[in-house]
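The values are calculated or read from the model by the stated rules, or taken from the named source; none is laboratory data. Every value quoted in this text rests on a predicted model; they were computed, and no experiment measured them. Cβ placement follows ideal geometry from the backbone for every residue including glycine, while neighbour counts extend to all protein chains displayed. Side chains included, ligands, DNA and RNA excluded: accessible areas come from the protein's heavy atoms. Shrake-Rupley method; radii C 1.70, N 1.55, O 1.52, S 1.80 Å.
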Amino acid sequence: MTTRRNFLYLLGAGTTVTFFGPVTKASWAISIDKTTTGTDLFKLPPLTYDYNALEPHIDATTMKFHHDKHHAAYVKNLNAAVNKHPELKTKSVKEMLLNLDKLPKDVQKVVRNNGGGHLNHSMYWKIMSPKGGGEPTGKIATAIKTQFGTFDAFKTQFNEMGTKLFGSGWVWLVQEKGQLKIMTTSNQDSPITRGLYPIMGNDVWEHAYYLKYQNRRPDYLSAWWNVINWNEVNRRFEQSLKA
Ligand code: MN3
């Protein structure tokens, strides 16, 4: 087997630096949610389906504004914060959200709201799919049954928490010490800040549903299960067990 070490040996020590570039802390800290090209580190992830693909449950106009305007604004504001403090460019969003109090004072709130917004929405688009819905599958199905009794009981509790949340925020399924738990956060706060891994979450800001459902948040919460991508939720559940 050719290991990286052998490969470097074959190249000769002198070529190491020029071939791979200097190995800095930054290059090891790169995570999936950012790139190092251009001045702006954080990018709006493209939707992997059409704006109208989740209809009738989520309408195309809502998807277009939600992704192209709301999420784009979080990315823009987050970039502005890290451009102001370039030392933050070595941090992933998760690292920053885990250490909000260690960030420069003037950007703590900006990163909390916009880093959270970027992370939450990046998850949200992926846990939905035009081919989604139906009963949960895989390991998450078993875990939901164990924790909540039935999928319906889980759904009811999740929707109730989402309905009762006052103002803007998110309803989440998180994993804490092997136990599944439903919780809510206000604004764009991520469970990550509290050390909890978000397995799935629904956006209950009015911008997520108002064009189609107006004040009927419970109807949006119910309809959302028709587009849930259980494959991605399972992937995140497995991640959460490793985290
Ligand atoms: Mn939103």
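Odds and ends about this structure:
- Summed over segment 199-236, the residues that are open to solvent by 30 Å² or more (accessible area, probe 1.4 Å) and within 16 Å of the ligand (Cβ to nearest atom) give a count of 6.
- Single residue of segment 66-75 satisfying the filter (surrounded by fewer than 15 Cβ atoms within 10 Å (Cβ to Cβ) and of a type outside the set (G, A, S)) that is farthest from the ligand (Cβ to nearest atom): D68
- Any chance Q188 is within 16 Å of the ligand (Cβ to nearest atom) and at negative phi: yes
- Count - residues of segment 200-218 that are assigned to a loop (DSSP other than H, G, I, E, B) and closer than 17 Å to H118 by Cβ: 1
- If the condition is being out of contact with any helix residue (DSSP H, G or I) (no Cβ under 8 Å at 6 or more places or on another chain) and either open to solvent by 60 Å² or more (accessible area, probe 1.4 Å) or within 16 Å of the ligand (Cβ to nearest atom) (or both), then segment 151-167 contributes D152, T156, E160, M161, K164, L165, F166, G167.
- When the residues of segment 90-112 are filtered to those that are in contact (Cβ under 8 Å) with a residue 24 or more places away in the chain, in a helix (DSSP H, G or I) and open to solvent by 60 Å² or more (accessible area, probe 1.4 Å), the one that is farthest from N187 (Cα to Cα) is E95.
- Criterion (buried (at least 19 other Cβ atoms within 10 Å of the Cβ), within 20 Å of the chain's Cα centre (by Cα) and over 30 Å from Q214 (Cβ atoms)) met by exactly one of I144, I192, I127: I192
- All of K84, K126, K102 fail the test of being under 15 Å from T193 (Cα atoms) and among the charged types (D, E, K, R), apart from K102.
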